[in-house]
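Reviewing the structure listed below.
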Amino acid sequence: MESLGKSMARNLVRFLVLLYWISICQAATILQPISDSHRYAALEIFRPSNGAFGSLEETYEALRTFDILGIQEKPDISAATCKSVSEVLGSSAVLKDLFHALRVNDVLKCEIKEEIYESITSRLKSVLNEARSLLDFYYSIGSLLLLKEQSSGVDLSINDADGVFHSIKALSQSDGRWRYSSDNSESSIYAAGLALEALAGVVSIASSDIDQNMIGTVKNDIVKLFDSIEKYDNGALYFEEKVVDANEHHAPLATTSSVVRGLTTFTAVTSGSLNLPGNSIFGLAKFFLGIGIPGDAKDFFNQIYSLACLETNRVSIPLILSLPATVLSLTKEDQLKVRVNTVLGSVAPQLTVKIVRAFLSASKRTSIIKGQELKFDPQTGLHVLDVLPNAYDVGNYVFVFEIVLHDSEQKDTYATGGQIQVPIYITGVVKIEKAEIAVLDSDLGSTETKKLDLVGESVVSLSANHLQKLRLSFQLATPQGNGFKPHQAFLKLRHESGVEHIFVVEGSGKKFEKILDFLGLVEKFFYLSGRYEIQLTVGDAIMENSFIRAIGHVDLDLPEAPEKAPRPPLRPVDPYTRYGPKAEITHIFRAPEKRPAKELSLAFLGLIFLPSLGFLIGLFRLGVNLKNFPTSTLPATFAILFHLSIGAVILLYTFFWLKLDLFTTLKALGILGVFLVFVGHRTLSHLASTSAKLKSA
């Protein structure tokens, strides 16, 4: 039990330190660009079944994700998928299925006949002329745009492009949202993204230039749409759908993804700038990267595809500052390293990373470092601070970074996010000095003082009574000699019966001290005299030499407990005795009854078969008369079935004797009896009729 208690206490401290480390990791979570973790996750999330994905839409999302992430060893689904694509394109499928089939074909490059493309083009133009809903415009224009890439011999131009553009624009609202149709009064942010993609498609395949005034109006709608953008505390921006109709509702990730696709597609085919507020594009990038790795295939595709759109957009390309490690050790002389990439992990343009300032999180006004530029290592692509300044000590710091582009003309091309605050934790070995433990009299005079070696394994032995006190003291100092206050400092006394008492060790500056007055603790100690093991725990996430150590024991002599004194709690049951292996159970069975000799049993079996043997001998001696057996087909069949039924009844009696019970036998006999009576009656009737004819002759 003693070793079990030590193990449980050690696990408790480790658990507390682990919780603190988790809080550090959550607080220090910073943006990371797309990495190999996303590539491994993509292969797990997008898994084909029987050589294909569930639908053509899911197939496109998987293939497009693989292409964006640059995954080479992807599943081979070309054969089964191209067959499905050909079937859909060659049939009169709905617009949505046709659109997704063309998107898949754009990736796989299936062999499709040119006349199929011509038929599809004619149908899409007819649908476009009669379209009234946003989805009809979106799927038909998107399909025509895909056909432009897949077929060179088909005329895809739209003659009345201005009219189509105006028809889509007519569904917009004053706040930048779009309606799905003129009959639906509800507006949607998600629909706005679809509308922008459709308008971009009209511009791409129009036979003449679109009215620039209309394009300028759409850009104003985009700016109004961004007025409704939502913001998290960390600066991440996202769109949240407010549609009342549940059928048209989309989650923030899908809604934001739709807007990003529409925004980047529209700006890619139009000229001029778009005056979006502040760091809107960078805030959207923070939203998509901040969600980590989604477990849902649709969400995963929306994240990756949206980041790919932001990677190549014409408004501004976000640059992501990340740190390989946010915990640095003074003992190991770790270097501060910073990496800058695009959202998909591509190489950033030439730039400099500067530490604007760095300060302790507890004292923001005092900056320990200012205006320090990091050195760029071209081999690793990292910006490095070789050595931390001497003023640095263990603690929780906040570093403020800033990205400075070398080419001033690229400021409009890239979004750096301004000044970026990153929490960094510097760890080290804390000095443990002047540790001692003493037994004091009531007047605080020391009767027994012993030095403690908290680094080694030495233990002390003490004795005290209820009129004395126990004092534990030690000093903690950082590598720079400053006072250090750990996150946990506990003193535990454990009685030989298993009862434990834990006390918090308070400190001021470098010194920590705890005095236990046994006279005031006799009731808490349940008047239990005897040996108490002493254990000290000091731990902190930034303290590399945190420890939990048994420092000795004290023999306490406490007075006898009065009648109404509280009793100690029941001794905890050893989990090993409760859940460990039990003693083997030996089963005693009844001894088998005495049986007759084998020879006697065989003789009895022979007597049972004697009647049957006599019956057979009698048949051979008397002879079998088959002269009256019917010769006609039908009577002969009934005669054979009659004899077989008699044999079946005899066989049933045999099974009843061997294994069947009475009720089962009676059920079977009832069925066989009816059949036996029927065929027997037909057989005997035939014999009687034949006999009567012979007598009359």
Quote the FRET efficiency, to the nearest 0.05, computed for residue 275 versus residue 118 with a Förster distance R0 of 51 Å and r equal to the Cβ-Cβ distance. 0.75
Okay, helix-only estimate at 222 nm for the chain: each DSSP H run of n ≥ 4 adds -39500 (n - 2.57), divide by all residues, round to 500 deg cm²/dmol; what do you get? -14000 deg cm²/dmol
Kindly report the accessible area of segment 629-691 per residue (heavy atoms of protein chains, probe 1.4 Å, no ligands, DNA or RNA), in Å². 71
Could you work out the Kirkwood radius for segment 320-427, taking every pair of different alpha carbons, averaging 1/r and inverting it, reported in Å? 14.5
Between residue 406 and residue 589, what is the spin-label point distance in nm, taking each point 7 Å from the Cα along the Cα→C-beta axis? 8.8
Solvent exposure, largest accessible area first (probe 1.4 Å, DNA, RNA and ligands not counted), of 314, 621, 47: 621, 47, 314
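Hey, what did segment 27-318 get for relative contact order, percent, Cα under 8 Å, at least 6 apart?
17
Can you figure out the FRET efficiency of residue 644 with residue 602, using R₀ = 22 Å and their beta-carbon distance, to the nearest 0.05?
0.10
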Got a sec? Which residues in segment 192-213 would a label at residue 249 touch, if it sits 7 Å along Cα→Cβ and we count backbone N under 20 Å? 192-193
Once you have the Cα-Cα distance between residue 76 and residue 499, take 0.36 nm times their residue separation minus that, and quote the gain in nm to one decimal. 145.8 nm
For a 29 Å ceiling on Cα separation, which of these pairs sit above it: 667/693; 337/510; 96/242; 148/298? 667/693; 337/510
What accessible area, in Å² to the nearest ten, does a 1.4 Å probe give for residue 441? 50
What is the set of long-range amide H partners of residue 376 at a cut-off below 5 Å, with H atoms built 1.01 Å from backbone N? 384
Label points 7 Å out from Cα along the Cβ direction at residue 667 and residue 609: separation in nm? 3.3
Using Stokes-Einstein with the Kirkwood hydrodynamic radius over Cα pairs, what translational diffusion coefficient do you get for segment 403-493 at 25 °C and a viscosity of 0.890 mPa s, in µm²/s rounded to a whole number? 135
Can you give the relative contact order of the chain as a percent, counting alpha carbon pairs under 8 Å and 6+ residues apart? 8
Can you give the convex hull volume of the alpha carbon atoms of the chain per residue, in Å³? 423
Nearest-0.05 FRET efficiency for residue 373 and residue 94, computed from C-beta distance (R0 45 Å): 0.15
How large is the accessible surface of residue 309 in square angstrom, using a 1.4 angstrom probe and rounding to the nearest 10? 20
Which percent of the accessible heavy-atom area of the chain goes to carbon and sulfur, probe 1.4 angstrom? 54
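Output the relative contact order of segment 220-338, whole-number percent, from Cα pairs under 8 angstrom with separation of 6+ residues.
Once divided by the residue count of segment 220-338, the mean separation gives 25 percent.
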Once amide hydrogens are built 1.01 Å from N within the peptide plane, the residues lying 5 or more places from residue 368 or on another chain with amide H under 5 Å from its amide H are 358, 359, 360
For a quick check of understanding: with a 1.4 angstrom probe and all protein chains in place, what accessible area in square angstrom does residue 95 have, to the nearest ten? 20
For segment 27-318, what is the percent of antiparallel DSSP beta bridges, rounded to the nearest 5? 90
Heavy-atom accessible area ranking, 1.4 Å probe, most first, across 657, 178: 657, 178
Expressed to two decimals, segment 431-569 has a Cα Rg over Rh, using the Kirkwood radius, of 0.99
Estimated vicinal HN-Hα couplings, Hz - segment 118-131 in sequence order (Karplus 6.51, -1.76, 1.60; Gly, Pro = x): 5, 5, 5, 4, 4, 5, 5, 5, 5, 5, 5, 5, 9, 5
Computed label-point distance, nm, for sites residue 557 and residue 43 using a 7 Å Cα→Cβ extension: 7.3
For segment 507-519, take each phi angle, set θ = phi - 60°, evaluate the Karplus expression 6.51 cos²θ - 1.76 cosθ + 1.60, and give the result in whole Hz per residue in order, putting x for glycine and proline. x, 9, x, 8, 8, 10, 8, 9, 10, 9, 8, 5, 5
Would you rank 494, 64 by solvent-accessible area, highest first, keeping every protein chain in place and using a 1.4 Å probe? 64, 494
How long is the gain from residue 223 to residue 441 if the chain were fully straight, where each residue apart is worth 0.36 nm and the alpha carbon distance is subtracted? 70.6 nm
Based on the mean of other Cβ atoms within 10 Å per residue, sort peptides 157-169, 374-386 so the most packed one is first. 157-169, 374-386
Cα-based Kirkwood hydrodynamic radius, segment 27-318, one decimal, Å: 19.9
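The values are calculated or read from the model by the stated rules, or taken from the named source; none is laboratory data. What you see is a predicted model, and the numbers here were worked out from it, not measured in a lab. When we count neighbours, we look across all protein chains shown, and the Cβ atoms used for this are built from the backbone with ideal geometry, even at glycine. Calculation scope for accessible area: heavy atoms of the full protein, side chains included, ligands and nucleic acids excluded. Shrake-Rupley method; radii C 1.70, N 1.55, O 1.52, S 1.80 Å.
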